[in-house]
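The values are calculated or read from the model by the stated rules, or taken from the named source; none is laboratory data. Just so we're clear, the structure is a prediction, and the values are computed from it rather than from any experiment. Here Cβ is always computed from backbone atoms with ideal geometry, including for glycine, and neighbour counts include all displayed protein chains. With ligands, DNA and RNA removed, areas are computed over all heavy atoms of the protein, side chains included. Shrake-Rupley method; radii C 1.70, N 1.55, O 1.52, S 1.80 Å.
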Amino acid sequence: MLVLQIDDIKKIIEKIGFKQYFLKLIDTIEEDYKTWHEFDKMPRIATHVDGGVIELMPISNKSQYSFKYVNGHPKNPKASNKLTVMATGQLSVVETGEPLMFSEMTVLTAFRTAATSALAAKYLAPKDSQVLAIIGNGAQSEFQYLAFSYIFDIKELRYFDVDCLAMEKMAENLKQYDVKLTPCKDAKQCVEGADIITTVTADKKYQTILSKEMIKKDVFINALGGDCPGKTELSSELVKDSHVVVEFLEQSKIEGEIQHLGDDYVCPELHEIVNKEVNLNVSKDGTIIFDSVGFALQDYSVLRLTYELAKEHDIGVELNLIPQMSDVKDLYSLV
């Protein structure tokens, strides 16, 4: 069984580069969304605990099965200097159940989240978008900028976080790139003139990071932070007055920005956009919200791609986690 640690993910990125990895990942997610109906899907299994959530995210098609274990504990950075999100994942063969790979998924989750954001924007945002605003400058922020920069000609990045150290961190990490970095004093200033707005805050509560009054022109809103019951970022008025696209409606009604809008609320899912069953774009339809809570298909895509790249470049370690036996019925012989 192949095992990938964080250093192995770094080696893969070093081999092919950030841009090629992101572009391959965006293409892989798009390919898998085009076969949406071939997947056995379910909302993730969530265990809500004091100050956080622990989740299991499974999915499969006829050939492969994957799952991700992931937590979300917003108090961690200040309380214990631990990451808010930590994750591991597995890819297996459906026919035999044989595990192919066990991998770190904390970094891969950041990659697949940003790649999915860019994929949605590729279809939904104005093609000439040049100004990106990011509200919430924590662990996901740099990945968001990079993914969008490979799809759009981003000239300016406007950014804001209630934690000034997070803003400084992001600016330091991104100063090497050819983009104007504009720090802002609050969310209202941050979204001024933006073509694309990403909200990616961590507090586990109802918030109004963006209100209808703050949006002065039609814009693509990539809403990431509202991702569990009782946790949102956008005002209900803004959501109601915008076109909304979700990943998996059944899950988003529980966890997304649309959790306020009632059981009878319906909107397009991302696979309908990718398969051109629904045609939406800010340029002709007005403000669009991608209400992204994260879905297991994206984890499958990043595990599938990373497994292929690891095998191609001989990266990772084969560990003896599954017994190899001449008589597979004699398990007792191993002990």
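Descriptive notes on the structure:
- A dipole drawn for region 265-335 from +1 and -1 charges on Cβ atoms has a positive end, and of Leu309, Pro268, Met325 the residue lying farthest that way is Pro268.
- Once the chain from Gln20 to Asp163 is taken as fully extended at 0.36 nm per residue, the excess over their C-alpha distance is 48.3 nm.
- Total charge dipole magnitude, region 234-293, about the Cα centre, Cβ charges on Lys, Arg, Asp, Glu only, Debye to nearest 20: 240
- Apportionment of accessible area to carbon and sulfur, the chain, percent (1.4 Å): 51
- Angle in degrees between helix 18-34 and the longest Cα principal axis of the chain, rounded to the nearest 10: 80
- Only one of [x] 36, 23, 17; [y] 34, 22, 20; [z] 31, 22, 21 was calculated from the structure for semi-axes √(5λ) of the Cα gyration tensor in Å, and its label is [y].
- DSSP-loop trypsin sites (Lys or Arg not before Pro) across region 110-165, with at most 16 other Cβ within 10 angstrom: Lys127, Lys155
- Relative contact order of the chain: 20 percent, from C-alpha pairs under 8 Å at least 6 residues apart in sequence.
- Exposed GluC sites (Glu not before Pro) absent - longest run of the chain, DSSP non-H/G/I/E/B, at most 13 other C-beta within 10 Å: 96-276
- The chain: angle of helix 296-312 to the longest principal axis, Cα-based, in degrees nearest 10: 60
- In this simple spin-label approximation, Gln189 and Lys34 carry label points 7 Å from Cα along the Cα→Cβ vector, and these lie 4.5 nm apart.
- Degrees separating the helix 6-16 axis from the principal Cα axis of the chain, which is the longest one: 70
- Residue-normalised accessible area of region 53-161, expressed per residue, 1.4 Å probe, Å²: 37
- Rounded to the nearest 500, the 222 nm mean residue ellipticity of the chain from helices alone is -10000 deg cm²/dmol, with -39,500 (n - 2.57) taken per DSSP H run of at least 4 residues.
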